[in-house]
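K.L.:
Right, I'll just put the structure down here and ask away after.
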Amino acid sequence: MYRTLQQAIQAKVREVLLKKYAITVERIALEQPPSVLLGEIALPIAFELAKRLRKAPRAIAQELAPELADVEGVAAVEIAGAGYINVRFDRAAMVKRIASDEHDDVGGDGFRLLEHTSINPNKAAHIGHLRNAVLGDTFARLIRKDAYKSGWSTGVQNYIDNTGVQVADVVVGLVHLQSKSLADVHGLLLELAASGQRIDYYLWDLYARVSQWYDDDPDEKTYRRDLRLQALHQIEAGGNETAQIADLLATAVLGRHLETMQRLNIEYDFLPRESEILHLHFWDAARTVMIERGVLYEETRGKNKGCWVMRRPGAETLAEGETDDDAKVLVRSNGTVTYVGKDIAYHLWKFGLLPGKDFGYRLFREYPTHSCWISAEEGEDPHPSYGHASAIYNFIDSRQNDPQANVVEALRGMGYTEAADRYTHVSYAMVALTPRCALDLGYQISEEDRNKAYLEVSGRKGFGVKADDLLDKLITAAKAEVDTRQPELPEQERLKSATAIAVGALRFFMLRFTRNTVIAFDFRDALSFEGETGPYVQYAAVRASNILRKSDTAEVDALKAIASLDLNRFLNNKASETAKQTETGPEDALWEFWLLASRVTAVLDQAIHSAEPAILSRYAFELAQEFSNFYHSNHVLHEGNAERKQLLLATTAVARRELTRVLDWLGIDVPTAM
């Protein structure tokens, strides 16, 4: 609702500026005053126009202010200081519009393609992977269509590097350390399944072991590294036993990854694999286009002689005869394609710019509400299509900034400037563990490490908590808390609430920090019921539900009931006329909560345009905090004035509605009890 008024005021200002001064201003800045006593929106437009119109800001403000008074929802317009225009809302009318869920829409045309998670399918997912997955899933929730907004047509992809060096490493471990054949690997998978063991956990230990094995014997180091290179070439080529073992393992681990992510309310639409990019010759098609458009060329001199390369973003112009030794290699002199080369081909496909090329599609997993498809050389019909994005978002950590920049530069170099402009690399910093968390999880750490701010996780070294283990531990701790607080509830209901609390704690912790802040995960901090945590926000929503339940009032009925009330006497609606008022009273505090609740769409829009879910998680915390203040300041169930009680119940209902809505966008459920 707040955004609706913002846009109405901006439209009115543009109309008045055109009519009075024959000028057009694209950006109309709006600010929110520090106190509702000063109004709900402040415009500094008069200061911005003073030089252009050669008038004092206050004189301009005096000409503009009267024109804004007839905007629906505006109660008064005042001039403050040297020329600020302060707009006051009609509180009673606004509360009724907010209660009826009137709000501006968010959404648009086009197909938006998101890529996130993308864990190498060679071991279990660990805590470091969860930030990517939670960020990407949350952003998908922000932009896709739902009951509140039109959103955008959206597809969610999880790119699977099933031919990379990490998969080659576990194949080397099985074949050369454990002497297993293809038949043996089939047997291993059956044996693990029968005993309830997880293939991703089994390979976690093997991956750490083989990583050490490569280097633990100096005399064997070259030979062992050659085994890895041979395995990598065989996997990329396909059609051999090594490639079959790799596919068997990668597919089994991928299945486990999807099970892990589903525990965190994370789902996908499509799983494109690198093997198909290679075997369906996406790169060959991309290479032709890049050569034709002068982006890719063969280097004939210098250190990259024999390689096919492209200029890096921002590279200086070379003098005639000079060699660009810093050029990005896309095809090595031995003919193998680099990661960036394959990525360029993949992104040309995403934008529908790879003529005649598409994946085959096979059904891989059924979710409760939709299907998940995986790439194949030969697909099945009917199937969806994803390679026609109008905008893409890649959730990839900040260590991949350079490769991502090279993909964008390649698009620009080929003349696909619109695609390059709609290519968003959503970067983020790493996730580490606090020393206390490492100890809580059973790791032995040195005295030196105990004094560090955080400890980096490493799957290669085997240090890092597995995502499933962490979630299990969080559920166990949350269950103990729920058992203590709600012993009368059935066991299954307590477990369900504990699971929601654990998932909420983990997701909220991953979202509360801005993307480029290093996270030092702490088990106890995440699960706390106090402070800026998921359980704190969930508890506010549960408390609101309990109030409505005890009053025997449904949320929808509480919100409808105030439509016929005279709310002016409960909301200090004439505060604008009280010039001497310097402190907010109870009525102002009540209005401040409704005003905060009205900002949902504005916050959502800001989070989308900055690709920063932390903005929304911070808002959820503020909403929970303000509801807690409201709860302690107002005895809702014991309010003696019948009409005021209806307003208080409606306030409780709008708190529950918006908290539930925002938590859902954050991928967090509201438990039945806490």
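No value in this document is a laboratory result; all are computed from the given coordinates. As the structure is a prediction and not an experimental result, all values here were calculated from the model. Neighbour counts run over all protein chains shown; Cβ positions are idealised from the backbone, glycine included.
K.L.:
How far is helix 199-213 tilted off the main Cα axis of the chain, in degrees rounded to 10, range 0 to 90?
P.N.:
The angle comes out near 60 degrees.
K.L.:
Pop out the ³J(HN,Hα) list for region 341-356 in order, Karplus 6.51 cos²θ - 1.76 cosθ + 1.60 with θ = phi - 60°, rounded to Hz; leave Gly and Pro as x.
P.N.:
Coupling constants for region 341-356: x, 5, 5, 4, 4, 4, 7, 4, 4, 4, 8, x, 10, 10, x, x Hz.
K.L.:
Could I ask something else about it? For V331, what residues show an amide H to amide H distance below 5 Å, using hydrogens built from the backbone and excluding near sequence neighbours?
P.N.:
W308, T338
K.L.:
While we're here: Go through 405-418, 12-25, 342-355 and give me the packing order, highest mean Cβ count within 10 Å leading.
P.N.:
342-355, 405-418, 12-25
K.L.:
Please work out how much length the chain gains when fully extended from D109 to A453, using 0.36 nm per residue of separation minus the C-alpha to C-alpha distance, in nm with one decimal.
P.N.:
Here the answer is 119.3 nm.
K.L.:
Okay, next question. Answer rounded, prolate or oblate for the chain, using the Cα gyration tensor with square roots of eigenvalues a ≥ b ≥ c: rounded when a/c is under 1.5, else prolate when a/b is larger than b/c, else oblate.
P.N.:
oblate
K.L.:
Let me ask another. Going by a ≥ b ≥ c, the root eigenvalues of the Cα gyration tensor, does region 307-465 fall in the rounded group (a/c under 1.5), the prolate group (a/b larger than b/c) or the oblate group?
P.N.:
Oblate, because a/c is 1.5 or more while a/b does not exceed b/c.
K.L.:
Show the residues, 5+ positions off or on another chain, whose built amide H is closer than 5 Å to the amide H of A376.
P.N.:
Those lying under 5 Å, H to H, from A376 are G360, Y361, R362.
K.L.:
I'd like the orientation of helix 221-237 relative to the chain: the angle between its Cα long axis and the longest Cα principal axis, in ° from 0 to 90, rounded to 10.
P.N.:
So the helix axis and the longest Cα principal axis differ by about 70 degrees.
K.L.:
In the structure shown, do any of K123/K496; K149/K466; K20/K149; K221/K342; K479/K550 have a Cα-Cα gap over 31 Å, and if so which? The partial results should precede the final answer.
P.N.:
Details: K123/K496 28 Å; K149/K466 36 Å; K20/K149 36 Å; K221/K342 29 Å; K479/K550 25 Å.
Over 31 Å Cα-Cα: K149/K466; K20/K149.
K.L.:
Let's see if you can work this out: charge +1 on each Lys and Arg Cβ, -1 on each Asp and Glu Cβ, no other charges. What is the dipole magnitude of region 429-674 about its Cα centre, in debye to the nearest 20?
P.N.:
220
K.L.:
Out of residues 5 or more away from G108 or on other chains, whose amide H comes under 5 Å of its own, with H placed 1.01 Å from N in the peptide plane?
P.N.:
Answer set, sorted by chain and number: G151, W152.
K.L.:
While we're looking at this one, here's another question. Which angle between 0 and 90 degrees, to the nearest 10, do you get for helix 614-633 versus the longest principal axis of the chain when only C-alpha atoms count?
P.N.:
The two axes meet at around 40 degrees.
K.L.:
When the Karplus curve 6.51 cos²θ - 1.76 cosθ + 1.60 is applied with θ = phi - 60°, which whole-Hz ³J(HN,Hα) does each residue of region 446-452 get, with x for Gly and Pro?
P.N.:
So the Karplus estimates, Gly and Pro as x, are 6, 5, 4, 5, 5, 9, 7 Hz.
K.L.:
Continuing with the same structure: By average Cβ neighbour count within 10 Å, what is the ranking of 264-275, 286-297 from highest down?
P.N.:
Descending packing order for the listed peptides: 264-275, 286-297.
K.L.:
Which value, in debye to the nearest 20, gives the size of the charge dipole of region 273-354 about its Cα centre, when Lys and Arg are +1 and Asp and Glu are -1 at the Cβ?
P.N.:
240
K.L.:
Separate question: Using Cβ contacts closer than 10 Å as the measure, can you line up V600, V503 from fewest to most? Working shown, then result.
P.N.:
Values: V600 26, V503 22.
Listing V600, V503 from fewest to most nearby Cβ atoms yields V503, V600.
K.L.:
If you don't mind, another one. When the Cα centres of region 368-433 and region 149-228 are compared, how far apart do they sit, in Å?
P.N.:
25
K.L.:
Answer with one residue from L565, P272, S598: the one whose Cα lies farthest towards the positive end of the charge dipole of the chain, charges on Cβ with Lys, Arg +1 and Asp, Glu -1.
P.N.:
L565
K.L.:
Follow-up question, since we're still on this one. Work out the charge dipole of the chain with +1 on the Cβ of Lys and Arg and -1 on the Cβ of Asp and Glu about the Cα centre, then indicate which of V503, A61, Q492 is farthest towards its positive end.
P.N.:
It is A61.
K.L.:
Please arrange T514, T369 by how many other C-beta atoms lie within 10 Å of their C-beta, fewest to most.
P.N.:
T369, T514
K.L.:
Just grab the label-to-label distance for A56 and Q262, each label 7 Å out from Cα along the Cβ direction, in nm (one decimal).
P.N.:
If labels sit at A56 and Q262, their model points lie 7.0 nm apart.
K.L.:
Which value, in debye to the nearest 20, describes the size of the charge dipole of the chain about its Cα centre when Lys and Arg Cβ atoms bear +1, Asp and Glu Cβ atoms bear -1, and nothing else is charged?
P.N.:
Working: 78 positive and 96 negative charges, 300 e Å.
About 1440 debye.
K.L.:
Add +1 for every Lys or Arg and -1 for every Asp or Glu among the other residues with Cβ under 10 Å from the Cβ of I160, and state the total.
P.N.:
-2
K.L.:
A follow-up question, please. Give me W152, W665 sorted ascending by neighbouring Cβ count inside 10 Å, so fewest comes first.
P.N.:
The most exposed by this proxy come first: W152, W665.
K.L.:
For a quick check of your reading of the filter: which trypsin sites (Lys or Arg not before Pro) in region 577-674 sit in a DSSP loop and have no more than 13 other Cβ atoms within 10 Å?
P.N.:
Values: sites: K580, R599, R618, R644, K645, R656, R657, R661; in loops: K580, R599.
Loop-located and lightly packed - K580.
K.L.:
Which ³J(HN,Hα) values in Hz, rounded to whole numbers, follow from the phi angles of region 499-515 under the Karplus curve 6.51 cos²θ - 1.76 cosθ + 1.60, where θ = phi - 60° and Gly and Pro get x?
P.N.:
5, 4, 5, 5, 5, x, 4, 5, 5, 4, 4, 6, 9, 6, 9, 4, 4
K.L.:
Just want the answer: with Cβ charges of +1 for Lys and Arg and -1 for Asp and Glu, which residue in A231, L192, A319 is farthest toward the dipole's positive end in the chain?
P.N.:
The residue sitting farthest along the positive end of the dipole is A319.
K.L.:
Cβ neighbours within 10 Å, averaged per peptide: list 481-489, 207-215 in order, most packed at the top.
P.N.:
The densest-packed peptide leads the list: 207-215, 481-489.
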